[in-house]
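> Input: one structure, supplied below.
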Amino acid sequence: MKGDRRDKGDKKDKNENLLVKGAHLRVVSAGTEDEPVETVGELLAFTPMGYSGVEGLVMQPDKEGKKRIVPLPSVLYIEIVKEAPESKEPVEESTAPFYT
């Protein structure tokens, strides 16, 4: 099947795993009627927000000391400014869906 990951064998797709911890992003999300909210900084994690099942991006903005959670439904677009450095450590599979 065309586009199926199994056709590629063990090779990783170049665009695979771009939204991972350590990636430097520019996230534009819904704000007021006149102006969207822009967050530029490092992606720390994905996290659920409350009991509604909505997830958010936990960001460390470049110009602020506080962390920011951007709800995924409000995201208009994401620009990848700089990809995360490749980790040589094995990735641990976690069943915990929250930011720690």
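Bear in mind these aren't lab numbers, they're just calculated from the coordinates by the rules spelled out. All values derive from a computational prediction rather than experimental measurement. Note: ideal-geometry Cβ built from the backbone for every residue, glycine included; neighbour counts use all protein chains shown.
> Ratio to report: Rg/Rh of the stretch 20-82, with Cα atoms as the point set and Rh obtained by the Kirkwood method; give two decimals.
When Rh is taken as the Kirkwood radius, the ratio is 0.95.
> Quick one: if you stick a label point 7 Å off each Cα along the C-beta vector at Gln60 and Leu72, how many nm between them?
Using points 7 Å along Cα→Cβ, the separation is 2.3 nm.
> Same structure, new question: Among 67-74, 30-37, 79-86, how do they line up from the highest to the lowest mean number of other beta-carbon atoms within 10 Å?
67-74, 79-86, 30-37
> So how strong a dipole does the stretch 20-82 carry about its Cα centre when Lys and Arg Cβ are +1 and Asp and Glu Cβ are -1, to the nearest 20 debye?
Dipole about the Cα centre, nearest 20: 360 debye.
> Could you check the simple spin-label distance between Tyr51 and Glu38, using points 7 Å along Cα→Cβ, in nm with one decimal?
3.9 nm
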